[in-house]
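This report refers to the structure that appears directly beneath it.
The values are calculated or read from the model by the stated rules, or taken from the named source; none is laboratory data. Predicted model, so just to flag it, every value in this text is computed and none were measured. Virtual Cβ from ideal backbone geometry, glycine too; neighbours counted across all protein chains shown. Keep in mind that these areas ignore ligands, DNA and RNA; they rest on the heavy atoms of the full protein, side chains included. Shrake-Rupley method; radii C 1.70, N 1.55, O 1.52, S 1.80 Å.
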Amino acid sequence: MRRCAAIAAVVLCAASLPARPQGGSAAASPEAEVELTADRIVYDWEDRKLVLEGHVVATRGPAILRAARGSLDRQTGILRLEGGVLAVQGRQVLVAQAAVVDLNLRSVDLKDATLFLKDRTAPPPQLLTEGKAVRAAGKNALVLTGKRVRRLPSGVLIAEDVTMTPCDCAGDPDFELASPEVEIGEDRARLKKPRLGILGASLPLFVPVSLPLTERQSGLLFPPLQLYSAITGFGTEVPLFLTLGPSYDVTLAPGVFTGSLGSSGAALGSRKVQGPRLGLQFRYAPATGTAGQIDLDTVRDLKARDSPGGAAFDDEVPSSPGRGIDGMRGVLRFQHRSEGPGLLAAAQGTLATDNMYLQDTETRELDRYLDALRTDAGIVRTQGPAAAGADATLLFDVRTTNAASPDRRLFGAERRATFQRLPNAFGQLAPARVGPFAFSAEVSAARFAPFTSLDPRERATGFGPTDLGAGNASPPPDPVTDPLGLGRAPAVRFDASPRLSWSASGLPMLLALELGARGDAWLFENDPARNRQRIYGIGSARAQVSLQRGFGSLLHTVEPGIELRVITRSLRSGGPPVGDPFDGGGPGFSSLPLASRQGVAQEPPPPVGVQRLAVPAARRPYDELDGAAPEAGEALATLRVAQALWIKPAAGRAPGRLVSLDLRQNFVLRAGDAGGRIGESGVAAGFGWGPAAFGAGAQYDWGLRALTLLSGSASLRDARGDELHGGFSLQRGAASERIRGGIDELFAAARVASDAGDLFGSAGFGGSAGLPLRRQGVRVSYEVSHLLAAGALPADTADWSHRLALVYETPCRCAGIQLYASFPFRGGHLLKAPSIGVFLDLRSLGSFGLSST
């Protein structure tokens, strides 16, 4: 706005300049040149006045000022413009009823002015000739109106009786900020005594507000409020955003954790975190194709001394008292990507001071459920179909083994002996045509090693301290002659996998084949007796045909298909298998595809005198990083028939699927020496017609003779937006345990020797409806959810939850407000006080939420 007003200030700024009609030009100052045109220009020599009539246009560089008429008094240096003033420069477009410019004081006074700040750039000034077309010419990031706008000699703009809004609405804005006086300078607007107008009400904001007029402006961001947590209590932070040039910025966010109101201790269920916190976010994009972000969250935990330290086992390195690094705890996340012609480098990772930080402060983060924090980095060079590169994966074990004293630092002597995949070199050849075939290949060499020595327990038993089943493991009765004991050993693994693929062309069906092989070689440092080599074949075949037939406006499609996958028995030599999913567990390897023990679930009680153990760490495939195929081989097949009924679309619309039915049957043709069996059957159906939709799915395991997955959903919606919806999802533990164990969950060729468990999951129902009020957009919604495994839930977890909300969304969706209440129940009784909150979303300006429990 300041730059737009400056246009008027420099027009004819020298009183002695001549003016010529229809394209006449004159120099406005020694630094700039101004061109003035009008339909008619009359000069009164006696009064020394210049009268401009019709289509007055003043141009200086890329900026243009337009008006219907105007006059210049050369004696006083006053320029008056009337009849609709329009100024355009960059993203700013200014419209006013009249303008008075003092050329001597270089000030301007605008009447009934409106500033449009365009989202990207304004239309070309030569094409924007009428004030009525300004609003619709491109998207508006900000609209500011004022009864009077004055430009002071210093260049600062003072606007009176101002309203401003980021809403680009055709009618009245959804919300706006009002102020009796706004000072605009250096791309910021400072509002005195601001008020927020929304929902027909005007709310005072009590404090002055400073808003940026560009996207990247330094300043305070809206402070978020953290809802009450059972560990950290209430929390807040005050973010300060600082621009560091066009390619860098940083956000500093000091704050505090108040700590929970309950008891304080180190054990799970009685923890408390309290103290000042600091967040930092650094973003950079110094060049095209290069960008990254670093996030750091820290807290000075005043309750660090509550952790007494200790060990889960007598022979492991104990954790020392306290938490973090002398009470300082935090997590660092980073991501970087650089991409150029034929070259890509990327890194992404998470590092923390201790294994409990995420569990204490970020209870909803996925990392805390993965048992490890992971960092990956790599670089790859491509040349045509070939690629070569190197990468590495670092892991930090955050699994807790001692509920009474779970704290353990991830650096120093307390760190676990987690295996890492250190610099791994690889090469790839994308499918390249070789006659009727396509040839592809992969080769790699990876080194696995921990950053610290193995735990004594792992050396003696083969089970690390955080392995499931480690508590039941004991040293074998016979002495171990292996120089590294029974634990994992640093190793280098070489892999090579060439493949040939073929697909038919010119046939009315899809037909594809793939043949290949894979060779592995494990070389263990200082322990050649463990070296292991193997090679096996890989084959797959796929056939599918699509059939269709029309019935008036309906189209019926049927797509039957079959897929075969084969892994041959391995040719192998050397030490015991590494990473075989058929591993039966225990000190010695045995191939048990129907009773493999991955240690991912609680097994049924063993017979008296029988000891059951999961797979020792030394024989795992370091499956946190890489999986492996069964050395005994397997052959798998799946049949699938997909049907759908389509309805003819209206002109310009895509076809709509009315009914769908998907049938699938898996077969285990061979799993090692176990022979074949029927696998899992699956069915999925869907229906959609106008406002109604329905879907259901089920999966039946013939080996378990039980449903392993069951789901369904339904919804109904009318033209006004009122809707009802419901759904449920159930599964048995066996399905999820196979996934966690790295076993083929699709075919279940290997079975985990554990109880399949009961069906568990959740069901929910809800809906929303608009209220018949004069103000449209007010809706009421209700949601209820039920956990279907109530007996297995912790005592403080609700099995029923009810949520009631009143929602208003403004007509052009620039703002929304929500008032909600949540009621948790357990066993038919209210578990705790309901949570009541309000959430206000102003889209462009941010959001504000407040909740109480």
Exercise. Treating only the Cβ atoms of Lys and Arg (+1) and Asp and Glu (-1) as charged, compute the dipole magnitude of region 237-388 about its Cα centre; round to the nearest 20 debye.
Key: 340
Self-check item: In region 35-122, the chymotrypsin sites (Phe, Trp or Tyr not before Pro) that fall in loop regions by DSSP, at most 14 other Cβ within 10 Å
Solution: W45
Quiz item: If ligands, DNA and RNA are left out, what is the accessible area of D580 with a 1.4 Å probe, given in Å² to the nearest 10?
Solution: 10
Practice problem: For S596, list long-range residues whose amide hydrogen, built 1.01 Å from N in the peptide plane, is under 5 Å from its own amide hydrogen. | Solution: R751, A753
Exercise. Could you compute the FRET efficiency for A133 and D112, with r as their C-beta to C-beta distance and R0 at 22 Å, rounded to 0.05?
Key: 0.80
Self-check item: Between region 59-99 and region 393-456, the Cα center-to-center distance that results, in Å
Solution: 68
Quiz item: Residues in region 627-648 near a label at A517, defined as backbone nitrogen under 19 Å from the 7 Å Cα→Cβ point?
Solution: 629-634
Quiz item: S202 to S247: extension gain in nm, 0.36 nm per residue of separation minus the Cα-Cα distance?
Solution: 12.3 nm
Quiz item: What order, most packed first, do the peptides 437-445, 417-425, 581-589 have when packing is the mean number of other Cβ atoms within 10 Å of each residue?
Solution: 581-589, 417-425, 437-445
